[in-house]
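The values are calculated or read from the model by the stated rules, or taken from the named source; none is laboratory data. Remember, predicted model here, so these are calculated numbers, not experimental data. We place every Cβ from the backbone using ideal geometry, glycine too, and count neighbours over all the protein chains shown. Each accessible area value is taken on the protein alone, full model and side chains, heavy atoms only, with ligands, DNA and RNA left out. Shrake-Rupley method; radii C 1.70, N 1.55, O 1.52, S 1.80 Å.
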Amino acid sequence: NAGVTQTPKFQVLKTGQSMTLQCAQDMNHEYMSWYRQDPGMGLRLIHYSVGAGITDQGEVPNGYNVSRSTTEDFPLRLLSAAPSQTSVYFCASSYPGPGANVLTFGAGSRLTVL
Amino acid sequence: AQSVAQPEDQVNVAEGNPLTVKCTYSVSGNPYLFWYVQYPNRGLQFLLKYITGDNLVKGSYGFEAEFNKSQTSFHLKKPSALVSDSALYFCAVRDPAVHNKFYFGSGTKLNVKP
């Protein structure tokens with residue numbers, strides 16, 4: 001049982017380049033989300049999804065796109081990278097059960113934009 | 001708007017002593033509160049959650065948290081700290097209306113010295 005898998009683990013981009021951070025989960029979780037972690041700011045929600053075909057914006061969505069064509073996958077796209085997007089990105093998944101959903105996180109993707 | 005605050009960037013404690021990591025929250029509606037731990041270069045791991053019921057919640061690795069509605073606090077505690085508890089700790093609150101939206105505090109670095 002792999003849990004939540006993120007690729008790549010590390011990436012360096014130049015300003016203006018595009019890329020996709022991949023996220024896959026094998027737990028059949030309906031809910032998936034993307035967070036970015038910056039020093040002193042904790043984790044901030046970028047985009048989230050409550051099921052295949054359904055996505056919505058979080059706190060800091062600008063500069064990022066997502067899609068959810070399958071239950072398993074939730075890629076995060078940077079269309080034109082900016083230095084302000086240098087961060088560590090975490091994908092998380094959970095299931096909407098009773099008693100509040102606990103997030104399972106991936107190991108993270110460290111992105112540097114030059 | 002929902003939010004959590006972790007007033008201490010860092011907490012230092014000697015091994016064997018009790019530890020407390022502070023968290024206060026602001027939420028419209030019933031609070032669903034969580035603690036997560038992050039070890040270096042890893043994703044976040046769930047420690048415990050409060051939904052309803054007893055104000056003292058027990059979680060993984062001997063941690064517990066005390067919910068105080070009047071003080072809007074959810075402090076993380078452990079009776080006897082271990083060096084291996086040294087990590088970054090995050091408090092989080094779930095959005096009452098959108099069950100896949102979570103708001104995280106800025107994190108508290110716990111240093112346990114031998």
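Projecting the Cα atoms of B:ASN55, B:PRO40, B:ASN12 onto the dipole axis of chain B, where Lys and Arg carry +1 and Asp and Glu carry -1 at the beta carbon, places B:PRO40 farthest toward the positive end. If the label point is 7 Å along Cα→Cβ of B:TYR39, which residues in the stretch A:1-37 have backbone nitrogen under 19 Å from it? Taking a point 7 Å out along Cα→Cβ of B:TYR39, the residues of the stretch A:1-37 whose backbone N falls under 19 Å are A:1-6. Expressed as a rounded percentage, what relative contact order does chain A have, with Cα pairs under 8 Å and six or more residues apart? Dividing the mean separation by the residue count of chain A yields 35 percent. Given a 1.4 Å probe and every protein chain left where it sits, what share in percent of the accessible area of chain B is carbon and sulfur? For chain B, the apolar C and S fraction of the accessible surface comes to 49 percent. Based on the reciprocal of the average 1/r between different C-alpha atoms, the Kirkwood radius for the stretch B:65-114 equals 12.9 Å. By definition, a body whose alpha carbon gyration tensor gives a ≥ b ≥ c is prolate when a/c is 1.5 or more and a/b is larger than b/c, and chain B fits this prolate description. The coefficient of translational diffusion for the protein assembly as shown, derived via Stokes-Einstein from the alpha carbon Kirkwood radius under 25 °C and 0.890 mPa s, stands at 136 µm²/s.
Shielding of peptide B:3-16 by partners, expressed as the average count of other chain Cβ atoms within 10 Å per residue Cβ, is 0. So how far, in whole Å, is the C-alpha centre of the stretch B:26-79 from the one of the stretch A:5-19? What the calculation gives is 33 Å, centre to centre.
Solvent-accessible surface, computed for protein heavy atoms with a probe of 1.4 Å, shrinks by 50 Å² or more for the following residues of the stretch A:39-69 when the other protein chains are added to the isolated chain: A:LEU43, A:TYR48.
With the simple spin-label model, which puts each label point 7 Å out from Cα in the Cβ direction, the A:VAL12 to B:ASN17 separation comes to 4.2 nm.
Between chain A and chain B, roughly 1800 Å² of accessible surface gets buried, counting both sides and using a 1.4 Å probe.
Subtracting the Cα-Cα distance of A:THR5 and A:SER84 from their residue separation scaled by 0.36 nm leaves 26.0 nm. Taking the protein heavy atoms of the stretch A:1-108 in the context of the full set of protein chains, the accessible area attributed to carbon and sulfur is 52 percent at 1.4 Å.
Counting pairs of Cα atoms in chain A, how many percent are more than 20 Å apart? Cα-Cα pairs of chain A separated by over 20 Å account for 35 percent. At a probe radius of 1.4 angstrom, the accessible area of chain B per residue rounds to 47 square angstrom. The mean number of Cβ atoms from other chains found within 10 Å of a Cβ in peptide B:43-55 is 3, as a whole number.
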